[in-house]
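Scroll down for the structure; my scribbles are underneath it.
Throughout, read-outs are computed from the coordinates displayed, never taken from laboratory work. Keep in mind the model is a prediction, meaning the values are calculated, not measured. We place every Cβ from the backbone using ideal geometry, glycine too, and count neighbours over all the protein chains shown.
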């Protein structure tokens, strides 16, 4: 069960993503976490209380093809996964909507280019 602060962060991230991706992109729940996809996976929101996420605290926003994003503002962390780059949010106040929207636009463009 999600903690209150995690639930708030997941809800805020879901609203930002849903409001900034085309209607052709969809959301589904996989492993009890929200996953957004177009032609391919776009991003995932993984709270730490959900098992198998590999994080110990709070909420991860991961971009499926983060390795292909320019991320000029260096917002994402390049962990051990060669493909999925991510940002971990510890409080709702840390969520930077402008940075997320910028990354989403780039990720959507990559997905559209794959068509």
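When the alpha-carbon atoms of the chain are used, the pair Rg, Dmax equals 13.1, 39 angstrom. Per residue, the average separation of C-alpha pairs within less than 8 Å and at least 6 apart gives the stretch 52-114 a relative contact order of 35 percent. In the chain, the longest principal axis of the Cα atoms and the axis of helix 97-113 are about 40 degrees apart. Considering helices alone, the calculated mean residue ellipticity of the chain at 222 nm is -9000 deg cm²/dmol, with DSSP H runs of length four and up weighted by -39500 (n - 2.57) and normalised per residue. Working ranking of peptides 59-65, 20-26 by packing, defined as the average number of other Cβ atoms within 10 Å per residue, highest first, is 59-65, 20-26.
Across the stretch 27-91, Cα-Cα pairs farther apart than 17 Å form 39% of the total.
Axis angle, to the nearest 10 degrees, between helix 4-18 and the longest C-alpha principal axis of the chain: 10 degrees.
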